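Some notes on the structure that comes next.
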Amino acid sequence: MSAAKILGRDCPMGPSCQFTTTTTTPPCSLSLSWRLKVEGRAGVGIDNVDISAATEHGCLVVNAPTANTIAAAEHRIALLAAMSRNIAQANASLKAGKWQRNKYVGVSLVGKTLAVMGFGKVGSEVARLVTSFITNSHWHPCAVCQRI
């Protein structure tokens, strides 16, 4: 089936495809749009889609599990860098009218060892991205994480 046929070029009675990010899809949107055939979720889970209502209306529910993997990994690395350099504390100090440069120097990540707990899509991307400045990275599967 062609993409044009799936998407439907004209939508007089509602869309044939609907894509969501974080909002919950109300069941009424499925019943009001009898043409809806695909409910797409831009992210990992489909917990914000009413699967039973979609099934009842013959609507296929799909997701994009790798859509934000790189963004999530970059965010974790940014948080790691911010923590190592005391960015939040320095920002709060600066907003309070102080300039305590020597107090918030932090530590360098170069040459450090990083333990990645869980080596799924995001964890493996974090390990791949940090190799440029972190010398050693060790990972542990989620089974180890659950026992901790």
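The values are calculated or read from the model by the stated rules, or taken from the named source; none is laboratory data. Since we're looking at a predicted model, the values are computed, not measured. Here the Cβ positions follow ideal geometry from the backbone for every residue, glycine too, while neighbour counts run over all protein chains shown. These area figures cover heavy atoms from the full protein model, side chains too; ligands, DNA and RNA do not enter into them. Shrake-Rupley method; radii C 1.70, N 1.55, O 1.52, S 1.80 Å.
Here are some residues: Lys98, Lys103. Which one is part of a loop (DSSP other than H, G, I, E, B), open to solvent by 70 Å² or more (accessible area, probe 1.4 Å) and of a type in the set (Lys, Arg)?
Values: Lys103 fails: part of a loop (DSSP other than H, G, I, E, B).
That would be Lys98, the only listed residue that is part of a loop (DSSP other than H, G, I, E, B), open to solvent by 70 Å² or more (accessible area, probe 1.4 Å) and of a type in the set (Lys, Arg).
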query: Quick one: in segment 106-141, which of the residues that are of a type in the set (Val, Ile, Thr) and outside any loop (DSSP other than H, G, I, E, B) is surrounded by the fewest Cβ atoms within 10 Å (Cβ to Cβ)?
result: Thr113
statement: Within segment 37-54, residues being open to solvent by 30 Å² or more (accessible area, probe 1.4 Å), touching a Pro at 6+ places or on another chain (Cβ under 7 Å) and aliphatic (A, V, I, L, M) number 1
